[in-house]
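The values are calculated or read from the model by the stated rules, or taken from the named source; none is laboratory data. Note that the coordinates shown come from a computational prediction; the quantities given were computed from them, not determined experimentally. A quick note on method: Cβ atoms are made from the backbone with ideal geometry, for glycine too, and the neighbour counts reach across all protein chains shown.
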Amino acid sequence: MLRWLINMLLTSLIFFPEKTFYETPEQYGFAWEDVYVQTPDGVKLHGWYLDAARKKGTVLFFHGNAGNISGRLFKAKGWVDRGFSVFLIDYRGYGKSEGKIEHGKDVFEDAKAAFKWVTDIKKVPLTKLILYGESIGTNPAIRLAVEHQVGAVILEAPFTTFYELAHTHYPFVPKMLLKDFEFSNIDRIQDVKAPLFILHGTRDEICPYRMGEALFQKAPEPKAFFTIPEGDHNDLPNIAGPDFWEKPYQFIKQRIADSV
């Protein structure tokens, strides 16, 4: 009971789900599907599959800890415009997804269910699949890229470990309380089996820029790092402009095109 209460307190400090959709795929003119997938523990998740005409590949997008998929449609548009379909998935408790996050493993279970849908139902070859992780979504993206040899991985504003991140903002929280939310990217990044692109703002107030640098230094080749001067955690597309999409696109396009 005590462990459950602690986890409930921690989830309220970590995750900020939004149920309301403020934008919809129709507003962007996407060809799209309303998608529901089920996790192994029986939770029904909701997502949007945005179909690109040119079929260069598919981006599986794992968003951060606040909002829902509707707030990422503008990011998805940059990839659809470049010929990549995008699957946006909401974790449990976000948007139309059922349930709620009670343990760190729930996020990865949700990510695995989305991955299975893309590969089993949409039949996307791993070589054409890009795992995109935004903030806390960088953890499931990295973990899946360790388990599967995908086409590429893109990390936006990543962090090293959740303990280090939490200690930056909540120094009073003991490490032992965070054992169910370890989210250790730094311990897995060296085992990623795909080309890696990291983009990070130098003034990130949530996930410090140094964390992105630390991950990049430990990651295997091929890799690239896009520094966005004066960018903070949530304004990278505004600060970087078209380069927010174009830089990672240029990094991965030849690798995706050459894969079979």
Selection count where residues are within 19 Å of LYS105 (Cα to Cα), touching a helix residue (DSSP H, G or I) at 6+ places or on another chain (Cβ under 6 Å) and modelled with pLDDT of 85 or more, scope the range 174-190: 4
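Please indicate, with yes or no, whether at least one residue in the range 246-260 is over 21 Å from ILE142 (Cβ atoms), touching a helix residue (DSSP H, G or I) at 6+ places or on another chain (Cβ under 8 Å) and part of a loop (DSSP other than H, G, I, E, B).
We begin by selecting, within the range 246-260, every residue over 21 Å from ILE142 (Cβ atoms); these are 246, 250, 253-254, 257-258, 260.
Cutting the leftovers down to touching a helix residue (DSSP H, G or I) at 6+ places or on another chain (Cβ under 8 Å) gives us 260.
Next, from what is left, pick out any that are part of a loop (DSSP other than H, G, I, E, B): 260.
There is at least one residue in the range 246-260 that is over 21 Å from ILE142 (Cβ atoms), touching a helix residue (DSSP H, G or I) at 6+ places or on another chain (Cβ under 8 Å) and part of a loop (DSSP other than H, G, I, E, B).
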Residues of the range 35-56 that turn out to be within 16 Å of LYS116 (Cα to Cα) and not hydroxyl-bearing (Ser, Thr, Tyr), as a count: 12
Single unsatisfied condition, GLU102 versus (1) modelled with pLDDT under 95; (2) assigned to a strand (DSSP E or B): (2)
Some residue of the range 68-84 being over 19 Å from TYR28 (Cα atoms), of a type in the set (S, T, N, Q), part of a helix (DSSP H, G or I) and free of Cβ contacts under 8 Å to residues at least 60 places away in the same chain: no
Residue within the range 140-163 that is on the phi < 0 side of the Ramachandran plot, aromatic (Phe, Trp, Tyr), outside any loop (DSSP other than H, G, I, E, B) and without any contact (Cβ under 8 Å) to a residue 40 or more places away in the chain present: yes
Qualifying residue in the range 37-47 (condition: among the hydroxyl-bearing types (Ser, Thr, Tyr), surrounded by fewer than 18 Cβ atoms within 10 Å (Cβ to Cβ) and either at pLDDT below 95 or part of a loop (DSSP other than H, G, I, E, B) (or both)): no
Inter-residue pairs, beta-carbon under 7 Å, first without any contact (Cβ under 8 Å) to a residue 12 or more places away in the chain and more than 17 Å from ASP187 (Cβ to Cβ) and in the range 209-227, second surrounded by fewer than 17 Cβ atoms within 10 Å (Cβ to Cβ) and among the charged types (D, E, K, R), 6+ apart: none
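Answer with yes or no whether PHE226 is under 18 Å from the mean Cα position of the chain (by Cα) and outside any strand (DSSP E or B). Outline the logic, then answer.
On the way: under 18 Å from the mean Cα position of the chain (by Cα): yes; outside any strand (DSSP E or B): no.
So PHE226 fails the test.
When you go through ILE198, ILE186, ILE142 one by one, which is the residue that is surrounded by 15 or more Cβ atoms within 10 Å (Cβ to Cβ), touching a strand residue (DSSP E or B) at 6+ places or on another chain (Cβ under 6 Å) and of a type in the set (Val, Ile, Thr)? Walk me through it before giving the result.
Values: ILE186 fails: touching a strand residue (DSSP E or B) at 6+ places or on another chain (Cβ under 6 Å); ILE142 fails: touching a strand residue (DSSP E or B) at 6+ places or on another chain (Cβ under 6 Å).
Residue meeting the stated conditions: ILE198.
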Residue within the range 153-173 that is modelled with pLDDT of 95 or more, closer than 15 Å to PHE87 by Cα and either crowded, with 24+ Cβ neighbours inside 10 Å or of a type in the set (Val, Ile, Thr) (or both) present: yes
Test: residue in the range 15-32 that is of a type in the set (A, V, I, L, M, F, W, C), assigned to a strand (DSSP E or B) and within 16 Å of PHE181 (Cα to Cα): yes
